[in-house]
Amino acid sequence: MPAELPRDWSLAQRRLHGLTAACVVAAFAVAWPMAGVPLAQLLLKFLLYQLHKTLGIAAFLATLARLVLRARRGRPAASALLPPWQRRAARVVHAALYVLLVAVPVLGYFTAATAPAEIPTFFLGFIRVPHVVGPHEGAFTLLRLVHRAAAILLDVLAAGHALAALHNHLRGIAPLATIWRWRTARTRHSA
């Protein structure tokens, strides 16, 4: 971690944040219809599952890159305009988001790997991702439930994170300004 905190997020940090958010939203949007596609439409079901897996792997890789950048570069300090309880809550939510951004794809991977149907995983539709464990119905049943619950929690926390940032932006406080490099009169004076 650098001795001095950066003033803004780097371009790489901002792009990885956007990529992660897009992958999480898209994976969640694909998850519900993919599970409901009947087996009679097997090709569509297979393609939706592969898209969901690709989005999960991409979110996982982007999160790892974000964690490396954050460790090397740091992050901007929270706005002094936020009350202390909001700064503490933001730290807790960010930590939970990072844990879930790693855990949900890992749980998804092991769910796919233990599935009794033994369907392969293809990243980007053509890069085969080997399964390090084999099918196991009991593990699959448990992992599927935990993956789903953790994914729902991830999306609820991410939505709350986005709403809090929007709320503070509308109040003239900096979170959206720092991630998107907007500058307002109030954020210029608080920096």
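One line per residue, one yes/no per condition, for (1) at pLDDT below 85; (2) hydrophobic (A, V, I, L, M, F, W, C); (3) closer than 14 Å to Gly108 by Cβ:
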{"position": "Pro135", "(1), (2), (3)": "no, no, no"}
{"position": "Ile152", "(1), (2), (3)": "no, yes, yes"}
{"position": "His161", "(1), (2), (3)": "no, no, no"}
{"position": "Leu166", "(1), (2), (3)": "yes, yes, no"}
{"position": "His169", "(1), (2), (3)": "yes, no, no"}
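Yes or no: Arg75 out of contact with any Phe, Trp or Tyr (no Cβ under 8 Å at 6 or more places or on another chain) and surrounded by 14 or more Cβ atoms within 10 Å (Cβ to Cβ)? No; evaluated as a whole, the condition is false for this residue. Specify the residue that is farthest from Ala151 (Cα to Cα); the eligible residues are those in the range 1-49 that are modelled with pLDDT of 90 or more and among the basic types (Lys, Arg). So the residue we want is Arg15. Quickly run through the range 90-121 and pick out the residues that are surrounded by fewer than 19 Cβ atoms within 10 Å (Cβ to Cβ), part of a helix (DSSP H, G or I), in contact (Cβ under 8 Å) with a residue 24 or more places away in the chain and over 13 Å from the mean Cα position of the chain (by Cα). If the condition is that a residue be surrounded by fewer than 19 Cβ atoms within 10 Å (Cβ to Cβ), part of a helix (DSSP H, G or I), in contact (Cβ under 8 Å) with a residue 24 or more places away in the chain and over 13 Å from the mean Cα position of the chain (by Cα), then Ala90 is the only one that fits. Of all the residues in the range 51-89, those that are touching a residue at least 12 places away in the same chain (Cβ under 8 Å), closer than 30 Å to Pro130 by Cβ and not charged (D, E, K, R) number 16.
For the range 129-147, the criterion of being closer than 23 Å to Leu43 by Cα and part of a strand (DSSP E or B) is met by at least one residue.
Of all residues in the range 154-171, those that are closer than 15 Å to Leu82 by Cβ have Cβ atoms under 7 Å from Cβ atoms of residues that are of a type outside the set (A, V, I, L, M), 6 or more apart or on another chain, in Ala165/Pro175; Asn168/Pro175; His169/Pro175.
Determine whether the range 45-67 contains at least one residue that is over 23 Å from Leu19 (Cβ atoms), crowded, with 16+ Cβ neighbours inside 10 Å and of a type outside the set (A, V, I, L, M). Yes, the range 45-67 has at least one match. Inspection of the range 31-47 identifies no residue that is in a helix (DSSP H, G or I) and among the β-branched types (Val, Ile, Thr).
The values are calculated or read from the model by the stated rules, or taken from the named source; none is laboratory data. What you are looking at is a predicted structure, and each value in this text was computed from that prediction instead of being measured. Note: ideal-geometry Cβ built from the backbone for every residue, glycine included; neighbour counts use all protein chains shown.
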